[in-house]
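Scroll down for the structure; my scribbles are underneath it.
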């Protein structure tokens, strides 16, 4: 792997397979061994956005790997008062052994990683969410047994979101078939999907459901886009993942969501709470195991 994980562009297919192998081992042996590659190391967790899964899974993960997690509220750091990202990177590199950051600007994360002499993991920006997608892929592998062109995912909602952008990179990396179903004006940028026959934009939600193995959606109003709520709540209504779409998909299709979920908006309550179709809590758990694997590989050497 490269020094940092900022997007899925930073890993190869071999890296992905190694992440899967280590994640599965850590999941299987959780609490049963003394594997602690972060012993004696301090990992800074910089958060500019509110969080449940990301903060808890990273803090628990660092601790289970033997390290010391240090939560840093970006609004209470000097970078939140005008200190440059570069100066922050220089200073934190003298104190810490790794940085995990969840913030708004992806350019800021790139600058942080460029200057820092320690590994940086992107825990979410407005443009990418690589750790979430790694957990999604691990979950799919657990249920389907493989990650390749035999698997079809349909993502419904904002085709320019950090989840959609990261799924596109996942499809390029693995060959899975990806359909993004979203309204005109909210579709993926053409250059992101150009030249990849396994990736398509389909504005018709019913057509997008054909042969689907996994439905995926996200909230219609992400953090930082609250001023667009009224417009988004109107235009995304036809793209709700519901029982009707499942009737058009493959038998046994499953439902994924990065959470939190808003029942009655991007997903029906029936689908979200279906004990067979919905695998969102397996998916959420896998954030812990995948992130432990990534931190072990980047920060535990």
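The values are calculated or read from the model by the stated rules, or taken from the named source; none is laboratory data. Everything quoted here is computed from the prediction, not taken from an experiment. No Cβ is skipped: glycine too gets one built from the backbone with ideal geometry, and neighbour counts run over all protein chains shown.
Yes or no: the range 82-94 includes at least one residue that is more than 23 Å from residue 7 (Cα to Cα), outside any helix (DSSP H, G or I) and either at pLDDT 95 or above or out of contact with any strand residue (DSSP E or B) (no Cβ under 8 Å at 6 or more places or on another chain) (or both).
yes
Name every residue in the range 215-243 that is touching a helix residue (DSSP H, G or I) at 6+ places or on another chain (Cβ under 9 Å), touching a residue at least 60 places away in the same chain (Cβ under 8 Å) and under 25 Å from residue 51 (Cα atoms), in order of residue number.
Those that are touching a helix residue (DSSP H, G or I) at 6+ places or on another chain (Cβ under 9 Å), touching a residue at least 60 places away in the same chain (Cβ under 8 Å) and under 25 Å from residue 51 (Cα atoms): 215, 216, 217, 218, 220, 222, 240, 241.
Does the range 280-288 contain at least one residue that is in a strand (DSSP E or B) and surrounded by 23 or more Cβ atoms within 10 Å (Cβ to Cβ)?
As a first pass, look at the range 280-288 and keep what is in a strand (DSSP E or B): none.
Scanning the range 280-288, I find no residue that is in a strand (DSSP E or B) and surrounded by 23 or more Cβ atoms within 10 Å (Cβ to Cβ), so the answer is no.
Quick one: is residue 95 surrounded by fewer than 22 Cβ atoms within 10 Å (Cβ to Cβ) and not assigned by TED's automatic domain parsing to the domain that holds residue 38?
So residue 95 fails the test.
Within the group 66, 61, which residue is modelled with pLDDT of 95 or more, more than 24 Å from residue 213 (Cβ to Cβ) and assigned to a loop (DSSP other than H, G, I, E, B)?
Details: 61 fails: assigned to a loop (DSSP other than H, G, I, E, B).
So the residue among 66, 61 that is modelled with pLDDT of 95 or more, more than 24 Å from residue 213 (Cβ to Cβ) and assigned to a loop (DSSP other than H, G, I, E, B) is 66.
For the range 34-46, which residues satisfy the criterion of being touching a helix residue (DSSP H, G or I) at 6+ places or on another chain (Cβ under 9 Å) and in a loop (DSSP other than H, G, I, E, B)?
Scanning the range 34-46 gives 35, 36, 37, 38, 41.
Here is a yes/no grid of residues against (1) over 24 Å from residue 163 (Cβ atoms); (2) without any contact (Cβ under 8 Å) to a residue 24 or more places away in the chain:
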| position | (1), (2) |
| --- | --- |
| 39 | yes, no |
| 44 | yes, no |
| 54 | no, no |
| 59 | no, yes |
| 66 | yes, no |
| 75 | yes, no |
| 97 | yes, no |
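Examine the range 213-227 for a residue that is at pLDDT below 95, out of contact with any strand residue (DSSP E or B) (no Cβ under 6 Å at 6 or more places or on another chain) and not in a loop (DSSP other than H, G, I, E, B), and state whether such a residue exists.
Yes: the range 213-227 contains one or more residues that are at pLDDT below 95, out of contact with any strand residue (DSSP E or B) (no Cβ under 6 Å at 6 or more places or on another chain) and not in a loop (DSSP other than H, G, I, E, B).
From the list 192, 160, exactly one residue is assigned to a helix (DSSP H, G or I) and either at pLDDT 95 or above or surrounded by 24 or more Cβ atoms within 10 Å (Cβ to Cβ) (or both). Which is it? Lay out the reasoning, then the answer.
Working: 160 fails: assigned to a helix (DSSP H, G or I).
It is 192.
Which one is nearest to residue 39 (Cα to Cα) among residues in the range 95-113 that are part of a helix (DSSP H, G or I) and in contact with a helix residue (DSSP H, G or I) (Cβ under 6 Å, 6 or more places away or on another chain)? Can you show your working first?
Within the range 95-113, the subset part of a helix (DSSP H, G or I) is 95, 106-113.
Then drop every residue that is not in contact with a helix residue (DSSP H, G or I) (Cβ under 6 Å, 6 or more places away or on another chain), which leaves 108, 111-112.
Details: 108: 29, 111: 28, 112: 24 Å.
In this case the residue turns out to be 112.
Please specify each residue of the range 253-267 satisfying the condition of being more than 20 Å from the chain's Cα centre (by Cα) and more than 20 Å from residue 211 (Cα to Cα).
Keep residues of the range 253-267 that are more than 20 Å from the chain's Cα centre (by Cα), which gives 253, 263-265.
Hits for the range 253-267 are 263, 264, 265.
Could you tell me which of the residues 140, 153, 168 is in a strand (DSSP E or B) and either modelled with pLDDT of 95 or more or surrounded by 18 or more Cβ atoms within 10 Å (Cβ to Cβ) (or both)?
The unique qualifying residue is 153.
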